[in-house]
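Read through the structure below, which is laid out as structure tokens, and then see the notes.
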Amino acid sequence: MYDVAVIGSGPAGITAAIYAKRRNLSTLVISKGNGALEKAKKIDNYYGFANGVSGKKLYENGLNQAVNLGVEIVQDEVINIELKDNFTIETVNSKYDTKSVILATGVNRNIPNIKGIKEFEGKGISYCAICDSFFYKEKDVAVLGEGNYAIHEFETLKPIANSVTILTNGGKIVQNRSNGVVVNEKKIKEFRGTNKLEEVEFEDDTKQKINGVFIAVGTASSTDIARRIGARIENNNIVVNENMETSVPRLYACGDCTGGLLQISKAIYEGTKAGLAVLK
């Protein structure tokens, strides 16, 4: 049982972990890596680097600093989180129990540019199987994605819906972790309907009738995880108070996922507040 688990290893998450660990809290960081910071070739507007610094170098420095303090860092993908007396975090390879959680995986940039997704949001297009599966009882639905997150959404929908198809939009699905997965690898042209989603049309001009599609491309973002556990979301940002607390007790969020300036300085400020708030 950890005192705090941080999901995300960017500036916000690592800063929160450092502040928590310096106050002798048992601290775990779970991250799959490959965040936005690592992709930045050169950063010129961050304090203390006269000649700039690469995002990769800054990311590595942060990880090393946390490890040197004794923070435990696990490279894995979070696919679900549950709250009973404490939190249980489910990853692809394991499960972890913790008293509190800090979400810091950034924003979801994995909404594909397919015609109809924005038009049918809330009218057949959903981003959370646990939240919205009830509305598709005994109906035909699909999950858009190809990774472990998509497989998890499939498993959530399978006992409820009449049928569930995974749409990979031309990609190859991750090694099968579930029984009975129906996969369609065709490239998607458009999601269509009148007042609500009714079908998906593929680039080969074939069509499939569908009542709902759940977007699960890539890995689950902080907002995805927060939405699953019932935290308040506005404009696709996690709502927090001045102490970075969400509407769910002992669940915190910091960094890009809370909205506002998408800057390293803002992420570190919020990570600091979250790490201190957990101790309080």
Subject >> Matching residues in segment 224-242 - criterion: being within 13 Å of the chain's Cα centre (by Cα) and within 17 Å of residue 260 (Cβ to Cβ) >> reply: 226, 236, 237, 238
**OP:** Return the total of residues in segment 251-267 being touching a helix residue (DSSP H, G or I) at 6+ places or on another chain (Cβ under 8 Å) and part of a loop (DSSP other than H, G, I, E, B).
**Re:** 4
Original post:
For residue 150, which of the numbered conditions (1) surrounded by fewer than 23 Cβ atoms within 10 Å (Cβ to Cβ); (2) within 17 Å of residue 91 (Cα to Cα) fails to hold?
Top reply: (1)
**OP:** For segment 146-154, indicate whether the set of residues that are on the phi > 0 side of the Ramachandran plot and touching a Gly at 6+ places or on another chain (Cβ under 8 Å) is non-empty.
**Re:** no
Subject >> Sole exception among (1) within 25 Å of residue 14 (Cα to Cα); (2) modelled with pLDDT under 90 for residue 273, by number >> reply: (2)
Original post:
Would you call residue 140 open to solvent by 10 Å² or more (accessible area, probe 1.4 Å), without any contact (Cβ under 8 Å) to a residue 40 or more places away in the chain and either in contact with a Ser or Thr (Cβ under 8 Å, 6 or more places away or on another chain) or under 18 Å from residue 2 (Cα atoms) (or both)?
Top reply: no
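Each row is one residue, and each column tells you yes or no for (1) farther than 21 Å from residue 237 by Cα; (2) polar (S, T, N, Q).
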{"position": "46", "(1), (2)": "yes, no"}
{"position": "59", "(1), (2)": "yes, no"}
{"position": "82", "(1), (2)": "no, no"}
{"position": "100", "(1), (2)": "no, yes"}
{"position": "117", "(1), (2)": "no, no"}
{"position": "121", "(1), (2)": "no, no"}
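Of these, 242, 234, which one is more than 21 Å from residue 81 (Cα to Cα), charged (D, E, K, R) and open to solvent by 60 Å² or more (accessible area, probe 1.4 Å)?
242
Which one is surrounded by the fewest Cβ atoms within 10 Å (Cβ to Cβ) among residues in segment 109-129 that are among the hydrophobic types (A, V, I, L, M, F, W, C) and in contact with a helix residue (DSSP H, G or I) (Cβ under 6 Å, 6 or more places away or on another chain)?
Of everything passing the filter in segment 109-129, 128 is surrounded by the fewest Cβ atoms within 10 Å (Cβ to Cβ).
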Original post:
Which residues, taken from segment 12-55, are open to solvent by 60 Å² or more (accessible area, probe 1.4 Å), part of a helix (DSSP H, G or I) and at pLDDT 90 or above?
Top reply: 19
Original post:
If you go through segment 56-85, how many residues are in a strand (DSSP E or B) and open to solvent by less than 100 Å² (accessible area, probe 1.4 Å)?
Top reply: 9
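The values are calculated or read from the model by the stated rules, or taken from the named source; none is laboratory data. Bear in mind that the values here come from a model prediction, so they are computed numbers and not experimental data. Ideal geometry is used to build each Cβ from the backbone, glycine not excepted, and the neighbour counts take in all protein chains shown. Side chains are part of the model used for accessible areas, which takes the heavy atoms of the whole protein and leaves out ligands, DNA and RNA. Shrake-Rupley method; radii C 1.70, N 1.55, O 1.52, S 1.80 Å.
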